[in-house]
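Below you'll find the structure, written out as structure tokens, and then a few comments.
FYI, it's all coordinate maths here, none of it is from the lab. Bear in mind the structure is a predicted one, so any value in this text is a computation, not a measurement. All Cβ positions, glycine included, derive from the backbone under ideal geometry; neighbour counts span all protein chains shown.
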């Protein structure tokens, strides 16, 4: 009885020990969002494990590689078409797929982005060089779009480039000062142009007023020459209704007499 009991206990203990050994030394767990690349003594086997718990061989080693979308931000020193220095802060979104994980790890290790980023920056620099410095800000979206396409072509079969954005665009201090000086000069030129236009308007107004007055005088002169009675009409229009204090009389010879007689009011 005791012999059977000890035999059964030994068997159960051995099984539990075997399970523990398998669990401790022949299993691997891959985190969510990663895949596991299996190697034997440093050699990539080509086997790639999904996330979860797996039983592996006694000499297998599993290295996890992320297949999530990752964002890498870096600065790029570029040149414009007119050879101005342009510093662009670039944010790029990339990922790798499970079927490429084994080859990528074999050829580049876990630091594969150190091989991908230079190709992406080269694509950006090539697009930036198509524009003069003054045009880069205005064509920022176009540069981003074309650089994205170029980067995707350069990294086909390696890393998927999902998107990139130009976080910041900065120029050299000398160029910034030149732009500022140019803007100030343009503002002054616009102000001078405005003042000149205002002066021309005022001058035109004065000329028009002078022409109008001259024409009015000419019209009145012509009217008097053609019809002397216009003078009487103007005197009547200007009379205030009061009797004059003096009267100028005319002599018999047709000339105006120099005697001025007061008029008495009764």
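Each of residue 29 and residue 95 was given a label point 7 Å from its Cα along the Cα-to-Cβ line. The distance between the two points is 2.4 nm. Computed from the Cβ-Cβ distance with R0 of 45 Å, the FRET efficiency linking residue 82 to residue 200 stands at 0.75.
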